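Heads up, the thing below is written out as C-alpha cells.
The values are calculated or read from the model by the stated rules, or taken from the named source; none is laboratory data. Nothing here was measured: the structure is a model prediction, and the numbers come from that model. Backbone-built Cβ (ideal geometry, glycine too); neighbour counts: all protein chains shown.
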Amino acid sequence: MQYIVIPVTPFEQNCTLLWCERTLEGAVVDPGGDLDRVLAVAERKGVRLVKILVTHGHLDHAGGVADLAERLHLPIEGPHPEDKFWIDAMPQSARMYGLPPARIFEPDRWLKDGDTVSFGEVVLEVRHCPGHTPGHVVFFHRPSRLAIVGDVLFQGSIGRTDFPKGDHATLIRSIRQQLWPLGDDVTFIPGHGPLSTFGDERRHNPFVADSVLSR
C-alpha cells in the first residue's frame, strides 16, 4: 500500500490518499475540504478512487465527504454510528467557523470495532477509539505497520476531550487498549501535524508515555 498526506482546510487537517500498488484503486481518508487539491494528487498518482473513509464526524475531517461522494459516486464507510450527531451538526459548525457550507451525509456503511474495509488488494482493520468523539475509528494496515488515527493521538499530544460527548479517561483507555497493542514499530498518521510512531509516543508523549501512565 502507498499513501500520501494532503493537508486541507484552514485547520491543516491531514487528509490521506491510500492506494493499492497493484490495482491503483484507492481511498480517501477524511476529505475535510479542498477537494480539487485532493483529486489533483490522485490524478497525478494515477489512482482510481473507489471509496471514502471517515475517522470521525468533525467538520475539518468530514466537511467535504458529501460533495466528494456525489461528485465521483463513491461509497462512504465510517465513522462509528455514535458520531452521527457530529455529522448532523456540520452545517452549523461551518457557519460558526465562517467556512464554506458543509453538507450532512449518511454513510453507506457505519463501522464498528473489528470490521475491515478494503480497496484493491488492501485490507484495513477498524478499531473503535472513543474519547475525542464517541464514534471515532482508527484504520490499521497491518502489513505496512501504518495506522490512520484521526484526532485520537498526535506527536507529543492527544485529542481534545472538551467537546460534547468527549471524555479524557475514555480517550486514554482507547490509546492504551486499542493502539499500543498494535506495536511500538507502527507509524501513525494523525489528524493534524507530523507523523510519529507508537513507540516514540510511549517514550516521550507527556499525556500517554508509559512513565506517565504508570505513576
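Points worth noting:
- Residue that is surrounded by the fewest Cβ atoms within 10 Å (Cβ to Cβ) [pool: residues in region 130-147 that are farther than 15 Å from residue 111 by Cα and not charged (D, E, K, R)]: 143
- Qualifying residue in region 114-128 (condition: over 28 Å from residue 2 (Cα atoms), without any contact (Cβ under 8 Å) to a residue 40 or more places away in the chain and of a type in the set (D, E, K, R)): no
- Condition check for residue 211: of a type in the set (Gly, Ala, Ser) and at pLDDT below 95: yes
- Taken together, 86, 19 contain a single residue that is at pLDDT 95 or above, of a type in the set (Phe, Trp, Tyr) and touching a strand residue (DSSP E or B) at 6+ places or on another chain (Cβ under 6 Å), which is 19.
- Residue ID - surrounded by the fewest Cβ atoms within 10 Å (Cβ to Cβ), chosen from residues in region 46-89 that are of a type in the set (Lys, Arg) and either closer than 19 Å to residue 100 by Cα or out of contact with any Leu (no Cβ under 7 Å at 6 or more places or on another chain) (or both): 71
- Residue list for region 13-72, restricted to those being assigned to a loop (DSSP other than H, G, I, E, B), under 22 Å from residue 191 (Cα atoms) and among the hydroxyl-bearing types (Ser, Thr, Tyr): 55
- Qualifying residue in region 89-101 (condition: within 15 Å of the chain's Cα centre (by Cα), farther than 18 Å from residue 18 by Cα and not in a helix (DSSP H, G or I)): no
- Single match in 117, 152 (criterion: hydrophobic (A, V, I, L, M, F, W, C), under 16 Å from residue 56 (Cα atoms) and surrounded by fewer than 22 Cβ atoms within 10 Å (Cβ to Cβ)): 117
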